[in-house]
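Student: Attaching a single structure in structure tokens format; questions to follow.
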Amino acid sequence: MPESVSRAPESAPRRRSRASAGLPPITAEKIVEAAVELTAERGLDGWSIRQIATRLDVWPGVVAHHVGDREAVVMAVTDRIVGRIPVPGTDVGWREWFSRLTFEGRAILKEYPGVARRLVVVGPTVRSALPTIDAGIRVLQAAGFGDRATDIYRYLLNSAFMLVAVEDDRGSYFPQARAEMGRTMAAFAEDPERPGLAAAGARALASSEDPADQDLAFFRLTVERSLDGAEALLNRD
């Protein structure tokens, strides 16, 4: 929800200009970088325009003047972070291309909680995403996907980055969820009447992996099986 920009009351003491205080001028670049830092610390939904202004020691109206409302800042932050994801060259095979993009993308997006969910729900509607979209669809077209290349692109990217969004949300809003799920499943480990639950319980009891390692392993499984599914569709024709 866009945040209204408050103005200082007329009776408030006037601040010295940044120039007179020996401070460098505020620019859109500095505002966006401060918002990127706050996103790394608190997540994309965890900061306000006022908090950006406080970090930069300016009035909230300065942020609005240089960048816009909160949605405009969020778009700029998303653009900056997406631009940090390396785009593989189109000289590699389509499976390798998407494997590299999703794994390197995951590494970047996990540093900035909330951005992956933004990309999945709203879409990659930022300028820095355009080269990735263009290259990815061209790689799929060259592989023979034809008119389905766009849908396959969306399928592969959404499947991967939705998992990153889930990891973000679990860490931010449900930090105890994994442990509670493990305890719940473990209670069925020796249930003879429900072998499916017994298998899940035994797996929960046997698992000694670090949660981060579990997330990475499940991410790898999802990406590889998504690629297999796309390849099966390609080979069916």
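The values are calculated or read from the model by the stated rules, or taken from the named source; none is laboratory data. On a predicted model such as this, the values are computed, not experimentally measured, just so you know. A quick note on method: Cβ atoms are made from the backbone with ideal geometry, for glycine too, and the neighbour counts reach across all protein chains shown. What goes into the accessible areas is simple: the full protein's heavy atoms, side chains included, and nothing from ligands, DNA or RNA. Shrake-Rupley method; radii C 1.70, N 1.55, O 1.52, S 1.80 Å.
Student: Pick out which of GLU37, GLU167, GLU96 has the largest mean-square fluctuation in a Gaussian network model of the chain, springs linking Cα atoms closer than 10 Å.
Tutor: GLU96
Student: While we're on this one: Which label belongs to the value computed from this structure, given these candidates for semi-axes √(5λ) of the Cα gyration tensor in Å: [x] 27, 24, 17; [y] 26, 20, 17; [z] 41, 27, 13?
Tutor: It is the one labelled [z].
Student: Right, next: For the range 9-148, with every protein chain kept in place, what is the accessible area per residue (1.4 Å probe, Å²)?
Tutor: Details: 7220 Å² over 140 residues.
About 52 Å² of surface per residue is accessible.
Student: In addition: Step through the residues of the range 47-64 one at a time and calculate ³J(HN,Hα) from phi using the Karplus curve (6.51 cos²θ - 1.76 cosθ + 1.60, θ = phi - 60°), rounding each to whole Hz and writing x for Gly and Pro.
Tutor: Those phi angles translate into 9, 10, 4, 4, 5, 4, 4, 4, 4, 8, 6, 9, 6, x, x, 5, 4, 4 Hz.
Student: For the range 56-118, which whole percent of the accessible surface, found with a 1.4 angstrom probe, sits on carbon and sulfur atoms?
Tutor: 51
Student: Got a sec to turn the phi values of the range 104-121 into Karplus ³J(HN,Hα) couplings, 6.51 cos²θ - 1.76 cosθ + 1.60 with θ = phi - 60°, whole Hz, x for Gly and Pro?
Tutor: 3J(HN,Hα) across the range 104-121, in whole Hz: 6, x, 4, 4, 6, 5, 5, 6, 9, x, x, 6, 4, 4, 4, 5, 6, 7.
Student: Given a 10 angstrom Cα cut-off, can you work out which residue in VAL166, VAL92, VAL36 is the most mobile in a GNM of the chain?
Tutor: Its mean-square fluctuation being the largest, the pick is VAL92.
Student: Continuing with the same structure: If you build a Gaussian network model of the chain, linking Cα atoms that sit under 10 Å apart, which residue out of GLN51, GLN176, GLN141 swings the most?
Tutor: Fluctuation is largest for GLN176.
Student: Additional query: Find the percent of Cα-Cα distances in the range 24-107 that exceed 17 Å, and round it to a whole number.
Tutor: Above the 17 Å cut-off, the range 24-107 has 51 percent of its Cα pairs.
Student: Report the longest stretch of the chain that contains none of the trypsin sites (Lys or Arg not before Pro) sitting in a DSSP loop with at most 11 other Cβ atoms within 10 Å. Please report the intermediate quantities before stating the final value.
Tutor: Details: sites that count: ARG7, ARG14, ARG16.
Between the exposed loop sites, the longest stretch runs 17-237.
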